[in-house]
Amino acid sequence: MCSVSDDLDCLSLTSSGSGTDKSLFHATCKKCRSEPAKVVVQLKEAFCKNCLLLYVNHRFRACLGKSKLIKPKEKILVAVSGSLASATLVDLIHCGLQDTTPKRLMFSPIIVFIDDGAALGLSNEQRLKIFQEMRIMLKNCGLSTFYVPLESVINFEHNDLKEIQSETTLSINECSVSKVRKIFEDLKSVTSKEDLLIKLRNNLLIQSALTLNCSKILTAETGTDLAVKLMSNIVIGRGAHLPLDVGFCDTRCTSVLLLRPLQDVSKKAVAFYVLMKGLKTVFIPAFSSIERKNCSLQKLTENFLVGLHCEFPSTMSTIFRTGEKLSLNPLSPNFGTSSCELCQGPLDIYATESSAYLATQISSAVSKYGKAAINSDGIHVMNHSSERAKNRILSSSCKNEANGTFFNPVCYGCQLILAESNNQIHLLQNSLRKHHNQILRDKMKEEIADFLIE
Amino acid sequence: MPVLCSANCGSNAVLKRPKTGDALCKECFFWAFETEVHNTIISNKLFQRNSLVAIAASGGKDSTVLAYVLKLLNEKYDYGLRFVLLSIDEGITGYRDDSLETVKKNQEDYEMPLKILSYEELYGWTMDQIVAQIGRKNNCTFCGVFRRQALDRGAALLRVDCLVTGHNADDIAETVLMNILRGDIARLQRCTAITTTSEGTIPRCKPLKYTYEREIVMYAYFKKLVYFSTECTFAPNAYRGYARVFLKDLERMRPTAIIDILHSGEQLSVKDSVKMPERGKCTRCGFVSSQEICKACSLLEGLNRGLPKLGIGKKSHADRIRKALAEF
């Protein structure tokens, strides 16, 4: 995920890839027109140090301001992973809260760091090291900071959230750790592991926000990250959830919104910001960073897009803008009613007469049962087969019926995860169901809100 | 040890279906393949009885298999359809001339009448001449735009009720990816539709929409169908090539990725607030267009005036050039 190395090349101040090969060596800053330019953020946009910092800050402020979603004094959870982007987000908020800052940010942020160590299969020593580095990174930001291990997702308790600065060692619940490990080891592909990790992380963020009485979550996903995420979500069959997964505001849980205030900043700009400000970051290996180059569909997509972006420099922003134009499918029969038990997104597995979903179900029915999959009365067979397929849809959504796992249906993308798991994923069942019910209740409450006294 | 056919017919399996991963014998595969196409046709109500259907035939694997399967299903399930093959001769030496030979063979094998329309008679230019004038860039833009219209013209000429094309699942997945890369929101929304139609035009449909390219090749291979398989001499520089290579990489890693992308594409929906191009008619040729002058007409105008860039890029650009020329 880190692409600092590519970005540093740009410090040589030649505009790359574009038609103009004019050297920007002695260029002045495009914005203030007085200082010598230091970095090229976009095509031909050369900034000096101060203007770059202002630019990033402005993009962040404008994005939050435009949305008008955050009210003064609201408690906001800030999700931090140690990446360049999250270091930037923390710094932007920290600076924005200073008394000397004009138009001071009025909300009160709480930082939460989720330790994925258990899912990634890191040893306790490695996790402790990461934890200590995180402590140092977040020490000077002057905000209250919490820590929650990913294994808490198995059985989330309020005291799983710990003040990061007051802890010196990790208290690790070995039982939960081994469960999480099993779940992830059970999945065959890195693609599904990465996908599941994102879903569980979001789940935990929402639970943490509810515990800490926060009504919003800010994540540090940059525009570049979101463009890559958009494309890889298309690839892993999550097209239906794009407006939630890559849009500015994720409304899966009505009482806790997830916002992405760095969506208008590129990864490159963020890298420069960290560099210029000398911010500390923490490197945490992802599933794909220890594997070979194309180990997952997400990684493959990222490599493809980064490569294409070098040749066609507007690639990332074009993809991102495409995402902004999408909305949840209002024609879906499940629109606003039922959601996936695993990822809480709207269900996209209704079978209309023509759909890729139904076509796949039919394919697997005819190749598993041969002619027996179809009734014998001539041309009407198809209706029967689609009935059959529909029944199969229902049964496949209750995978491992015998074990009582996942009674509620899951979405297309999550089915791909379940299809790879032998059994271990049922370890998540209880907590997911609890979470699912909580979200459903929130939706109910919102629906009847006008009639509630109090 | 031989693997048994997963459909429990008792025979040995000869192939593994990329779409589902099941091992099938030859007969069960043929049956599954045909049943699925039949199902697509019936559940989407692609055809009406007694229609005349034009099959867009290039001589490649998709259109060859399409013609074969449609003929077979028409007889087996009594659709009551009549078919005609429609080919477009772009005038590409070493490519289309050879592939048209295959189409002529299909005509005999499947007993379907064949109509060939050439770019030369429609537009006065062959692709070879166009490339000679514009160079090796944007070739597929010209060829694609012209072919789309040529097929419409051919279909109108033959007075058919419907035009079918051999687009397969891979092609559509590729188009979904490409429309995202290009930010073409209007096409992104309609590219997954199995039938495209608008007022005054002949509907087009894609019966192989849910069929994997690899399965089409398998089908043709085991049925010993003759088809032409050479890449167009002008294609390697096209932008689509990037999407194609990417899709093949994805498929290698997870074969269901193709249908997953199709599913994603079908689920996309555009915000109401987004301004979409309105469908109108070209003031020059009368075919469907979102602009005053359709793409085919502006490309052609560019060629005829010796300004090949006229139709490439933004409309405002072209308008400026036209205005300057008018003043001149």
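The residue B:136 and residue A:168 beta-carbon pair, evaluated with R₀ = 51 Å, returns a calculated FRET efficiency of approximately 0.20.
Dipole check for region A:216-317: with +1 at the C-beta of Lys and Arg, -1 at the C-beta of Asp and Glu, and the Cα centre as origin, the magnitude is about 240 Debye.
Close amide-amide hydrogen proximity is noted between residue A:326 and B:271, each under 5 Å apart and 5 or more residues distant or on a separate chain (H modeled in the peptide plane; Pro and chain starts excluded).
Here region B:208-231 is scanned for amide nitrogen atoms under 14 Å from the site 7 Å beyond the Cα of residue B:26 along Cα-to-Cβ, giving B:218-225. Farthest toward the positive end of the dipole of region A:260-314, out of A:272, A:313, A:301, is the Cα of A:272, where the dipole comes from beta carbon charges about the Cα centre. Bridges between two residues of the protein assembly as shown, per DSSP, are antiparallel at a rate of about 40%. A DSSP coil position with no more than 15 other Cβ atoms inside 10 Å describes the following trypsin sites (Lys or Arg not before Pro) in region B:260-328: B:271, B:275, B:279, B:284, B:305, B:314. Computed about its Cα centre, the charge dipole of the protein assembly as shown is approximately 1560 debye, with only Lys, Arg, Asp and Glu carrying charge at their Cβ. Its relative contact order, with pairs defined as Cα atoms under 8 Å and 6+ residues apart, puts region B:249-314 at 15 percent. Relative to the longest principal axis of the Cα atoms of chain B, the long axis of helix B:61-77 makes an angle of roughly 60 degrees. Per residue, the protein assembly as shown exposes 45 Å² of solvent-accessible protein surface, assessed with a 1.4 angstrom probe and all protein chains in place. Distance between the pseudo-spin-label points of residue A:69 and residue A:185 (7 Å out from Cα toward the beta carbon): 3.9 nm. What is the protein assembly as shown by shape, rounded, prolate or oblate, if you read a ≥ b ≥ c off the alpha carbon gyration tensor as root eigenvalues and call it rounded for a/c under 1.5, prolate for a/b larger than b/c, and oblate otherwise? Oblate is the answer for the protein assembly as shown, as a/c is 1.5 or above yet b/c matches or exceeds a/b.
Prolate is the label for region A:49-165. Its Cα gyration tensor axes, ordered a ≥ b ≥ c, give a/c of at least 1.5 and a/b above b/c. Taking 0.36 nm per residue of sequence separation and removing the Cα-Cα distance, the residue B:104/residue B:193 pair yields an extension gain of 29.0 nm. Inter-chain Cβ neighbour count for B:2-12, averaged per residue, equals 2 (cutoff 10 Å, partner chain atoms only).
Projecting the Cα atoms of B:10, A:369, A:242 onto the charge dipole of the protein assembly as shown, computed from C-beta unit charges around the Cα centre, puts A:242 farthest toward the positive end. Here's how it looks for residue A:218: its modeled amide H is under 5 Å from those of A:77, A:78, A:79, A:259, which are all 5 or more places away or on a different chain.
For region B:112-248, which whole-number percentage of the solvent-accessible area (1.4 Å probe, protein heavy atoms only) is attributable to carbon and sulfur atoms? Accessible surface attributable to carbon and sulfur in region B:112-248 totals 52 percent. The 1.4 Å probe gives accessible areas that order A:433, B:204, A:238, largest first, as A:433, B:204, A:238. In order along region B:264-270, phi translates into HN-Hα couplings of 4, x, 5, 8, 5, 9, 9 Hz, rounded to whole numbers, per the Karplus curve 6.51 cos²θ - 1.76 cosθ + 1.60 with θ = phi - 60° and x for Gly and Pro. Here the spin labels are modelled as points 7 Å beyond Cα on the Cα-Cβ line, and at residue A:62 and residue B:156 they lie 4.6 nm apart. Residues whose amide H falls under 5 Å from that of residue A:46, counting only those 5 or more places apart or on a different chain, are A:30, with hydrogens built in the peptide plane.
When nucleic acids and ligands are ignored and a 1.4 Å probe is applied, residue A:83 ends up with an accessible area of around 50 Å². Residues B:175, A:168, ordered by accessible area of protein heavy atoms at a 1.4 angstrom probe radius and largest first, appear as A:168, B:175. A 1.4 Å probe, protein heavy atoms only, puts the accessible area of residue B:239 near 60 Å². Comparing B:257, B:234, B:222 along the charge dipole axis of region B:220-280, the residue lying farthest to the positive side is B:222, per the Cβ-charge model. Across region A:21-103, Cα pairs under 8 Å and at least six residues apart give a relative contact order of 15 percent. Computed from phi, the 3J(HN,Hα) profile of region A:142-148 under the Karplus parametrisation 6.51, -1.76, 1.60 (θ = phi - 60°) reads x, 10, 6, 10, 10, 10, 9 Hz, with x in place of Gly and Pro.
Considering only Cα-Cα distances, which of the following residue pairs are longer than 28 Å: B:281/B:323; B:19/B:223; A:103/A:162? Pairs exceeding the cut-off: A:103/A:162.
Here residue B:44 and residue B:272 are evaluated by their C-beta separation; at R0 = 35 Å the FRET efficiency comes out at 0.85. Does chain B come out rounded, prolate or oblate, given a ≥ b ≥ c as the square roots of the eigenvalues of its C-alpha gyration tensor, rounded meaning a/c under 1.5 and, failing that, prolate meaning a/b above b/c? Prolate.
The values are calculated or read from the model by the stated rules, or taken from the named source; none is laboratory data. Note that the coordinates shown come from a computational prediction; the quantities given were computed from them, not determined experimentally. Positions of Cβ are generated from backbone atoms using ideal geometry, with glycine treated the same way; all protein chains shown enter the neighbour counts. Keep in mind that these areas ignore ligands, DNA and RNA; they rest on the heavy atoms of the full protein, side chains included. Shrake-Rupley method; radii C 1.70, N 1.55, O 1.52, S 1.80 Å.
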